[in-house]
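Peer 1: Below you will find the structure I want to go over with you.
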Amino acid sequence: MNTHPFDSILSRRGMMGNVFSGLAGIGLASLMQRDLGAAPAGWQPGLGTTHFKPRAKRVLQIFCPGAASHIDLWDYKPELIKRSGQPMPGEENLLTFQGKNGALMRPPWDFAPAGKSGKMISTLLPNMARHVDDIAFIHSMQSKTNTHGPGCVFMNTGHVQEGFPSAGAWLSYALGSENDNLPTYVALPDLRGEPPNGKANWSNGYLPARHQAIVMAAHQDIRNLAQPKDISMPEEKASRDYLRLLNERHAAANPGDSSLLARMAAYELAARMQVSAPEVSDLKSEPQHIHQLYGTDSNNKLKAAYAKNCLLSRRLLERGVRYVNLYCASRASGVDGLLNWDAHRTLKDDYERHCPIFDQPTAALLTDLKQRGLLEDTLVLWTTEFGRQPTHQANTTGRDHNPDAFTTWMMGAGVKPGSYGATDEFGRRAVENVTNVWEFYSTVLQILGFDFDRLSFYYNGLDRKLTDVHGRVIKELLA
């Protein structure tokens, strides 16, 4: 029987073989296009290109969950100190998140001028004080919620509800990977646990599943990373090849299934990370003076663990990870202020526990980034979910939640040091250049080379954005 030359191509086996070759070709073309720096007509996400020339190409976001108090750390209010113990004018019967408030309460610690600028900063942060001349403080932030979980999610995603992509996921989608052997986006939770609302803070939301953060930490090994001793390398390779064959066949039969494609990419990344992850996680390879700088050898186990995560963050950033979420503290516990910055009852005791954990390692990370030249193209963000009241809660020496005013800051590539915005004389409300999360991330995207209004993803009938339907670049923050 004669056969047509195209029969082998049109047979089921031939068709599947060509599908697999096509998929491999698409992947290879994508890699070559990124590596060679060639961009198709018009901007396309994930190829390493931007809307315009970027000032930064990676982000470190340090997050202190629990609503770290602006008026006790960054936002100096001499009138609050002067009138401590008096009722707050116009709000003598103030009711907030946990009920009735008492009189104005000064910070339990002094503020002192720091740097050449003389920026006033809490004496609880002597190491961070050395960096004030490089930081752009935003003293006029406001939130839409006074509840920790939604507040953390709002600060990370621009939405109060769960299910939306985090800023790190957006950058992963927009830029793609710079190192094929490491994740594009990494979240480092604290030894004390995950932040309020957990993984929703680094979710991919409606973006393809591969853009969710990979969770790593110096205090926890990456599970199932090592190859079992009873499996040889040829057997391992054969298993991977067969798994890839099955996955590609299923992917061809189910086009558009982003969760499947993400699992395939995750398995392949996991295989490559068997070599890269142990190397990047090997903190023992760092010289002793670096460990001393960060405080990884501290007798305070919480400080030592956070310091190791700070050091791991630097190692990830210098190896091409695009976005690192570094957490200092965790979700709330049965005792307010024990595991995070939520100081409702005993502000002085709580912050004298948290600040030493935060201060030296964070300052060391900034110093290390700067001396290695990484700050030239790394944007550093410090965030928390909202602020705290200038009054004390009734019958306590702590402060309640305050979504009407809090401080965040930026540092590094493209940032103009100084202070932007202001709160009133007590730190109760933002009153000058009042801003919000959407303007914050509009500015972040600008520094990364993206127009916040053009970076979108079509989902459920809408062009979705990190800044939702809002946004404005705070040009005063740009160098």
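Every read-out reported here was derived from the displayed coordinates using simple, explicitly stated rules and does not represent laboratory data. Everything quoted here is computed from the prediction, not taken from an experiment. FYI the Cβ positions are ideal-geometry reconstructions off the backbone, even for glycines, and counts take in every protein chain you see.
Peer 1: Where in segment 94-126 does the amide nitrogen come within less than 20 Å of the point 7 Å from the Cα of Asn433, taken along Cα to Cβ?
Peer 2: Under 20 Å, as judged by backbone N against the label point of Asn433, lie 114-122 of segment 94-126.
Peer 1: Follow-up. Take the Cβ-Cβ distance between Gln371 and Val215 as r, set R0 to 41 Å, and report the resulting FRET efficiency rounded to the nearest 0.05.
Peer 2: On the way: r = 28 Å, r/R0 = 0.69.
Plugging the Cβ-Cβ distance into 1/(1 + (r/R0)^6) gives 0.90.
Peer 1: Pick out, from Tyr242, Ala68, Thr123, the residue whose Cα sits farthest towards the positive end of the charge dipole of the chain, with +1 on the Cβ of Lys and Arg and -1 on the Cβ of Asp and Glu.
Peer 2: Of the options given, the answer is Tyr242.
Peer 1: Where does the charge balance sit around Asn201 when Lys and Arg score +1, Asp and Glu -1, over other residues with C-beta under 14 Å from its C-beta? Provide the component values of the computation, followed by the final result.
Peer 2: Working: positive: Lys199, Arg331; negative: Glu162, Asp190, Glu194, Glu385.
Combined, the nearby Lys, Arg, Asp and Glu give -2.
Peer 1: Just want the ordering: Met216, Met88, from fewest to most Cβ atoms lying within 10 Å of their own Cβ. Numbers along the way, then the final one.
Peer 2: Values: Met216 24, Met88 20.
Lowest to highest Cβ neighbour count: Met88, Met216.
Peer 1: I would also like to ask the following. Can you check what the net charge comes to around Asn433, using other residues whose Cβ is under 12 Å from the Cβ of Asn433 (Lys, Arg +1; Asp, Glu -1)?
Peer 2: On the way: positive: Arg472, Lys475; negative: Glu432, Glu439, Glu476.
Here the charged neighbours net out to -1.
Peer 1: Given the Cα-Cα distance of Asn395 and Arg319 and 0.36 nm per residue of separation, how much length would full extension add, in nm? Intermediate values should be presented prior to the final figure.
Peer 2: Details: separation 76, 0.36 × 76 = 27.36 nm, distance 5.05 nm.
That pair, Asn395 and Arg319, stretches by 22.3 nm at full extension.
Peer 1: Would you list which aspartates and glutamates come within 19 Å of Lys303, measuring only between C-alpha atoms, while excluding same-chain residues fewer than 8 positions from it?
Peer 2: Filter leaves Asp190, Glu194, Asp221, Asp282, Glu286, Asp342, Asp349, Asp350, Glu352, Asp359, Asp368.
Peer 1: Counting other Cβ atoms within 10 Å of each Cβ, which trypsin sites (Lys or Arg not before Pro) in segment 180-255 have at most 14 and sit in a DSSP loop?
Peer 2: Numbers: sites: Arg192, Lys199, Arg210, Arg223, Lys229, Lys237, Arg240, Arg244, Arg249; in loops: Arg192, Arg223, Lys229.
Passing both the DSSP loop test and the Cβ count: Arg223, Lys229.
Peer 1: Cα-Cα over 28 Å: which of Lys144/Lys199; Lys57/Lys475; Lys82/Lys301; Lys82/Lys119; Lys77/Lys370? Intermediate results must be reported in sequence, preceding the final value.
Peer 2: Values: Lys144/Lys199 20 Å; Lys57/Lys475 19 Å; Lys82/Lys301 38 Å; Lys82/Lys119 19 Å; Lys77/Lys370 30 Å.
With Cα atoms farther than 28 Å apart: Lys82/Lys301; Lys77/Lys370.
Peer 1: Here is a follow-up. Arranged by the count of other C-beta atoms within 10 angstrom, fewest first, what order do Glu425, Glu439, Glu92 take?
Peer 2: Working: Glu425 15, Glu439 21, Glu92 11.
Neighbour counts put them in this order, fewest first: Glu92, Glu425, Glu439.
Peer 1: In addition: Taking a ≥ b ≥ c as the square roots of the eigenvalues of the Cα gyration tensor of the chain, is the shape rounded (a/c under 1.5), prolate (a/b larger than b/c) or oblate?
Peer 2: Working: a/c = 2.20, a/b = 1.88, b/c = 1.17.
Prolate is the answer for the chain, as a/c is 1.5 or above and a/b outweighs b/c.
Peer 1: Return the distance in nm (one decimal) between the two label points of a simple spin-label model at Ala422 and Lys229, each offset 7 Å from Cα along Cα→Cβ.
Peer 2: Label at Ala422, label at Lys229, 6.8 nm between them.
Peer 1: Return the loop-located trypsin sites (Lys or Arg not before Pro) in segment 317-419 (DSSP other than H, G, I, E, B) with at most 15 other Cβ atoms within 10 Å of their own Cβ; answer none if there are none. Each step should come with its number before you reach the end.
Peer 2: Details: sites: Arg319, Arg322, Arg331, Arg345, Lys348, Arg353, Lys370, Arg372, Arg388, Arg399; in loops: Arg319, Arg322, Arg331, Arg345, Arg372, Arg399.
Sites meeting the loop and neighbour criteria: Arg319, Arg372.
Peer 1: Here's a follow-up. If each residue's Cβ is checked for other Cβ atoms within 10 Å, how do Phe452, Phe406 rank with the fewest at the top?
Peer 2: Details: Phe452 24, Phe406 31.
Fewest-to-most Cβ neighbours within 10 Å comes out as Phe452, Phe406.
Peer 1: Next up: At 222 nm, what value in deg cm²/dmol follows for the chain if DSSP H runs of at least 4 each add -39500 (n - 2.57) and the sum is divided by all its residues, to the nearest 500?
Peer 2: Result for the chain: -11000 deg cm²/dmol, rounded to the nearest 500.
Peer 1: Using R₀ = 41 Å, calculate the FRET efficiency as 1/(1 + (r/R₀)^6) where r is the Cβ-Cβ separation of Asn179 and Ser84; round to 0.05.
Peer 2: Details: r = 51 Å, r/R0 = 1.25.
So the FRET efficiency works out to roughly 0.20.
Peer 1: Using a basic spin-label model with each label point 7 Å from the Cα along Cα→Cβ, how many nm lie between Ser456 and Phe52?
Peer 2: 1.9
Peer 1: Only residues of segment 426-453 count here: report those whose backbone N is under 20 Å from the spot 7 Å along Cα→Cβ of Val469, or say none.
Peer 2: What the label zone holds, given the 20 Å backbone N cut-off, is 436-442, 452-453.
Peer 1: Using the basic label-point model (7 angstrom from Cα toward the beta carbon), what is the Asp282 to Leu245 distance in nanometres?
Peer 2: 3.5
Peer 1: Given Cα pairs under 8 Å that are at least 6 residues apart, what percent is the relative contact order of the chain? Numbers along the way, then the final one.
Peer 2: Details: 967 pairs, mean separation 128.3, N = 479.
Reported as a whole number, the value is 27 percent.
Peer 1: Same structure, new question: What length, rounded to one decimal in nm, is gained on full extension from Glu162 through to Glu352, with 0.36 nm per residue of separation minus their alpha-carbon distance? All intermediate terms of the calculation are to be shown ahead of the outcome.
Peer 2: On the way: separation 190, 0.36 × 190 = 68.40 nm, distance 3.25 nm.
Residue separation times 0.36 nm, minus the Cα-Cα distance, leaves 65.2 nm.
Peer 1: Report the net charge of residues surrounding Tyr420, where surrounding means a beta-carbon distance below 14 angstrom and charges are Lys +1, Arg +1, Asp -1, Glu -1. List each step's numbers first, then the result.
Peer 2: Details: positive: Lys119, Lys416, Arg472, Lys475; negative: Asp75, Glu432, Glu439, Glu476.
Every neighbour counted, the sum reads 0.
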